[in-house]
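The values are calculated or read from the model by the stated rules, or taken from the named source; none is laboratory data. Keep in mind the model is a prediction, meaning the values are calculated, not measured. Positions of Cβ are backbone-derived with ideal geometry, glycine not excepted, and every protein chain shown enters the neighbour counts.
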Amino acid sequence: MDLKTSSRSEGSVVVVEVQGEIELSNAARLREVLLSTAGAGQCGLVVDLSGVSFIDSTGIGVLVGALKRAREHGHAFVLAAAQRRVRRVFEITGLLGVFSLCETVPEAIAHATEAQVPVRGLSDNGAAEE
């Protein structure tokens with residue numbers, strides 16, 4: 001399945017909608033979109049995963065990289081509306097403690113609007129730092 005992205009502004013937050021499968025063959029395209037958005041002038045970035053049916057380790061790496069980039073710029077980074085199968089990947093990898101993951105996009109927008117730079121950091125290997 002092909003990967004499709006679109007973005008829109010919701011106040012000071014950019015929402016990036018992702019549809020399809022995030023995998024090795026298309027992760028670079030998503031990386032470009034997220035890294036350019038994560039470094040933009042907005043205060044927050046919400047990634048709407050409601051249309052994502054599959055994510056592999058390459059896709060997780062793209063999200064970790066975008067999270068780090070957003071934090072470097074002092075921006076909030078929130079994942080939203082992940083399907084059960086995709087959410088399970090975050091549970092298995094232990095990344096639920098690193099990412100902010102909200103059930104709905106409006107909830108994620110509110111969280112990103114209110115959030116300051118997240119307290120937890122990421123080491124260079126993507127592991128959570130205390």
Among the residues of region 5-49, the number that are assigned to a helix (DSSP H, G or I), over 12 Å from the mean Cα position of the chain (by Cα) and of a type in the set (G, A, S) is 3
Give me a count of the residues in region 95-121 that are in a loop (DSSP other than H, G, I, E, B), surrounded by fewer than 17 Cβ atoms within 10 Å (Cβ to Cβ) and modelled with pLDDT of 95 or more. 2
Inter-residue pairs, beta-carbon under 7 Å, first closer than 14 Å to C102 by Cβ and in contact (Cβ under 8 Å) with a residue 24 or more places away in the chain and in region 69-87, second of a type in the set (V, I, T) and assigned to a loop (DSSP other than H, G, I, E, B), 6+ apart: A80/T104; A81/T104
Consider region 50-93. How many of its residues are polar (S, T, N, Q) and either assigned to a helix (DSSP H, G or I) or crowded, with 19+ Cβ neighbours inside 10 Å (or both)? 3
